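Below you'll find the structure, written out as structure tokens, and then a few comments.
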Amino acid sequence: MPRQDVIPLKKLGEMFVNLGILTQEQLKEALEIQRQSGGKLGNILMQLGYITEEVLLTFLGKQAGMQFISLQEFGEIPEEVLKAVPESVIRHQTLIPIEKKGKTLTIAMSDPFNIFAIDDLKVMTGFDINVVISSEKEIKDTIEKYYTAKGSMETVLKDIEAATEGEDTDLEVMKEQEQQTDNLSLEAMAEEAPVVKIVNFILSNAVKQKASDIHVEPYEKTLRVRFRIDGVLHEQQPPPKRMQNAIISRLKIMANLDIAEHRLPQDGRIKVKIMDKEISFRVSVLPMVNGEKIVLRILDSSSLRVDLNKLGLEPESMAIFEKNIQLPFGINLVTGPTGSGKTTTLYSALSTLNHPDINISTIEDPVEFMIEGINQVHVRADIGLTFAAGLRSFLRQDPNIILVGEIRDKETGEIAINAALTGHLVFATLHTNDAPSTITRLSNMGVEPFLTTSTVAMIISQRLLRTICKNCKEPYEVPIEHLIPLGVKPEQVGNNKNVVLYKGRGCDKCSKGYKGRLGAYEILEMCDEIRELILNREPTHIVKQVARKKGMMTLRESALRKLLGGLTTVEEVLRVTTGDTAIETV
């Protein structure tokens with residue numbers, strides 16, 4: 001952080017007040033905290049949420065006569081510029097060279113008053129130094145991007161080549177060797193430096209690319225590594241096939257799994273520190289024909305968004321959502337396939353309701369993120385702690401709100417319904433394709449329709465759409481007749497003949513024009529007419545038609561709103577909502 005002590009503290013606060021950034025009461029509160037506990041005024045104001053780091057840095061930059069820039073929005077830094085300053089200095093001083101013009105080198109720093117570093121750079125580089133101010137986090141991320149990701153795999157592979165030089169890599173010989181390798185040899189191989197380096201690189205590179213899953217897949221002649229980024233798998237540079245056993249064993253050791261067991265599936269967990277953040281990996285091992293496949297789900301609690309306003313709900317859907325999560329009792333169901341963001345939606349709801357006067361308990365398989373103030377239980381079916389068993393115990397723990405990770409069978413469904421009938425608010429998930437088909441799913445489980453109508457208040461079906469990268473976003477025009485088959489109505493675009501849509505051309509800050517994801521939601525709110533249909537066991541399409549007449553927005557319609565709003569692409573709408581092609585006429 002910048003050295004704020006260069007500017008008198010009183011003057012700093014008063015200037016924020018004069019600019020309308022702070023009120024006198026807010027400044028007084030911050031100065032009182034500073035008097036009691038010390039610290040820098042700027043940091044205290046950020047902790048209180050009164051200013052952002054960008055506001056503070058912009059202000060300090062103006063005081064020092066420096067420009068504030070966002071490195072996230074800055075273009076590619078040429079290699080010759082990066083080479084102007086040694087990497088050791090860049091890391092030690094937390095700065096990054098970004099531009100070179102003539103005899104002037106522009107450096108991004110978070111501390112504009114670090115005179116000693118600026119003087120050292122002048123002597124070291126022979127350039128005049130122009131300093132711009134930027135966020136410390138953005139500088140560190142940029143350093144990792146340019147100095148850690150590039151070439152790391154090649155370096156590790158060179159180490160492996162040197163370590164295994166002269167080994168026979170014939171496939172038949174390798175298979176014989178695999179059969180003769182004992183567990184002690186596997187463990188020793190897994191602890192060798194090249195293997196440790198390559199596994200560390202795979203894990204850290206996945207986190208830096210903001211992947212959600214890592215797939216390590218053995219084939220006859222290759223060992224494939226893929227990262228799931230924004231819901232889509234991307235193939236990575238593969239490690240050598242001959243290192244397969246050692247890499248798999250290394251991951252199993254890190255997850256405290258049995259490296260001697262190759263015939264049965266295993267599940268475990270890895271916790272590591274990457275880029276000053278604690279990251280957990282949920283590990284699943286599955287025996288395949290050519291070896292064991294490992295899938296690691298990355299659980300980064302810092303990336304969990306629990307702000308309801310950032311989920312992507314449309315205003316009318318948000319109103320229904322907020323109303324039903326505030327009910328004193330009943331069941332709210334969230335449905336969708338694996339990886340559709342159900343956990344984020346549920347945690348967002350619970351975080352909104354998480355107050356000291358409310359007792360919240362969850363039973364999950366597994367507990368992906370831990371939230372302060374919520375009692376979370378991990379399912380252990382091997383010792384009898386199932387969803388049903390946990391739910392029974394919850395009812396003796398005086399809860400107000402219960403979250404069930406998944407309703408998988410009749411027993412769990414009926415206990416959840418009984419909890420709702422006895423005055424508890426229940427949240428749960430199911431795997432169905434849309435909101436209306438959830439009714440059929442519960443019926444197929446054996447849950448009686450009268451129980452469903454008595455307890456279920458809201459059903460949410462959701463998917464995740466990749467959003468267009470803001471850095472390389474560009475417009476293009478499409479005739480309205482091309483969009484009508486998708487479900488776009490002329491009145492949605494003001495009866496214009498052409499519609500302006502957007503796409504990403506692809507840049508170094510995104511993945512093929514996409515960066516981040518946003519939800520598409522279909523929310524079915526119970527009403528008397530729909531309850532009547534459920535009691536009469538009417539088919540799903542009838543329930544959907546009535547729900548549409550009552551104002552339910554389908555997944556396709558929600559996705560189209562984001563398309564017309566310039567947030568996503570036609571390709572994403574089709575990819576995510578293929579099964580929701582029929583838009584009923586209301």
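The values are calculated or read from the model by the stated rules, or taken from the named source; none is laboratory data. Treat the numbers as computed from the prediction; the structure is a model and nothing was measured. In this analysis, Cβ positions are derived from the backbone assuming ideal geometry, glycine residues included, and neighbour counts consider all displayed protein chains. Surface areas here come from the heavy atoms of the whole protein model, side chains and all, with no ligands, DNA or RNA. Shrake-Rupley method; radii C 1.70, N 1.55, O 1.52, S 1.80 Å.
Listed residues Leu403, Leu442; which is touching a Phe, Trp or Tyr at 6+ places or on another chain (Cβ under 8 Å), among the hydrophobic types (A, V, I, L, M, F, W, C) and either crowded, with 17+ Cβ neighbours inside 10 Å or modelled with pLDDT of 90 or more (or both)?
Leu403
Please verify whether Thr344 is at pLDDT 90 or above, out of contact with any Phe, Trp or Tyr (no Cβ under 7 Å at 6 or more places or on another chain) and among the hydroxyl-bearing types (Ser, Thr, Tyr), treating the condition exactly as stated.
So Thr344 fails the test.
What are the residues in segment 319-345 that are touching a strand residue (DSSP E or B) at 6+ places or on another chain (Cβ under 7 Å) and either open to solvent by 10 Å² or more (accessible area, probe 1.4 Å) or part of a strand (DSSP E or B) (or both), if any?
Matches in segment 319-345: Ile320, Leu327, Pro328, Phe329, Gly330, Ile331, Asn332, Leu333, Val334, Thr335, Gly341, Lys342.
If we keep just the residues of segment 245-258 that are crowded, with 21+ Cβ neighbours inside 10 Å and of a type outside the set (A, V, I, L, M, F, W, C), which is farthest from Gly516 (Cα to Cα)?
Per the stated criteria, the residue is Asn245.
Hey, among Arg466, Arg531, which residue is closer than 27 Å to Val334 by Cβ, under 27 Å from the mean Cα position of the chain (by Cα), of a type in the set (Lys, Arg) and at pLDDT 90 or above?
Every option except Arg466 fails the conditions.
List the number of the failed condition for Leu286; all other conditions in (1) of a type in the set (A, V, I, L, M, F, W, C); (2) assigned to a strand (DSSP E or B); (3) surrounded by 14 or more Cβ atoms within 10 Å (Cβ to Cβ) hold.
Here Leu286 clears every test but (3).
I need every pair where a residue in segment 387-398 that is over 11 Å from Ile363 (Cα atoms) has its Cβ under 7 Å from the Cβ of a residue that is open to solvent by less than 10 Å² (accessible area, probe 1.4 Å) and assigned to a helix (DSSP H, G or I), sequence separation at least 6 or different chains.
Leu395/Ala419
Here is a check on your reading of the model: is Ile90 surrounded by 17 or more Cβ atoms within 10 Å (Cβ to Cβ), in a helix (DSSP H, G or I) and under 30 Å from the mean Cα position of the chain (by Cα)?
Judged against the criteria, Ile90 is a match.
Among the residues of segment 89-111, how many are without any contact (Cβ under 8 Å) to a residue 12 or more places away in the chain and over 16 Å from Tyr146 (Cα atoms)?
Within segment 89-111, residues that are without any contact (Cβ under 8 Å) to a residue 12 or more places away in the chain and over 16 Å from Tyr146 (Cα atoms) number 2.
Those residues that are open to solvent by 50 Å² or more (accessible area, probe 1.4 Å) and either among the charged types (D, E, K, R) or under 29 Å from the mean Cα position of the chain (by Cα) (or both), I need them from segment 386-400; list them, please.
Thr386, Arg392, Arg396, Asp398, Asn400
Would you point out which residue out of Gly65, Gly42 is under 17 Å from Ser134 (Cβ atoms), surrounded by fewer than 16 Cβ atoms within 10 Å (Cβ to Cβ) and over 28 Å from the mean Cα position of the chain (by Cα)?
After applying the criteria, what remains is Gly65.
Only one of these is among the hydroxyl-bearing types (Ser, Thr, Tyr) and closer than 28 Å to Ser348 by Cβ: Tyr502, Tyr476. Name it.
Tyr502
What single numbered condition from (1) more than 30 Å from Leu31 (Cα to Cα); (2) in contact with a Lys or Arg (Cβ under 8 Å, 6 or more places away or on another chain) fails to hold for Asp111?
(1)
Looking only at segment 418-432, which residues are open to solvent by 10 Å² or more (accessible area, probe 1.4 Å), part of a helix (DSSP H, G or I) and either without any contact (Cβ under 8 Å) to a residue 24 or more places away in the chain or under 17 Å from Leu403 (Cβ atoms) (or both)?
Matches in segment 418-432: Asn418 only.
What do you reckon, is Pro218 under 26 Å from Lys145 (Cα atoms) and of a type outside the set (A, V, I, L, M, F, W, C)?
For Pro218, the condition - under 26 Å from Lys145 (Cα atoms) and of a type outside the set (A, V, I, L, M, F, W, C) - is not met.
Which helices (runs of 4 or more DSSP H) sit wholly inside segment 484-586 and have at least 3 residues that are open to solvent by less than 60 Å² (accessible area, probe 1.4 Å) and without any contact (Cβ under 8 Å) to a residue 40 or more places away in the chain?
540-549
Enumerate the helices (runs of 4 or more DSSP H) found wholly within segment 1-76, keeping only those where 3 or more residues are modelled with pLDDT of 80 or more.
Hits in segment 1-76: 24-37.
Can you go through Ala457, Ala435 and tell me which one is open to solvent by less than 20 Å² (accessible area, probe 1.4 Å), in contact (Cβ under 8 Å) with a residue 60 or more places away in the chain, small (Gly, Ala, Ser) and not in a strand (DSSP E or B)?
One residue alone meets the criteria, Ala435.
Here's a check for you: in segment 93-117, which residue that is β-branched (Val, Ile, Thr) and closer than 18 Å to Ile143 by Cα is most open to solvent (accessible area, probe 1.4 Å)?
Among them, the one singled out is Thr94.
Within segment 269-282, does at least one residue satisfy the condition of being over 30 Å from Arg91 (Cβ atoms), assigned to a strand (DSSP E or B) and without any contact (Cβ under 8 Å) to a residue 40 or more places away in the chain?
Among the residues of segment 269-282, not one is over 30 Å from Arg91 (Cβ atoms), assigned to a strand (DSSP E or B) and without any contact (Cβ under 8 Å) to a residue 40 or more places away in the chain, which makes the answer no.
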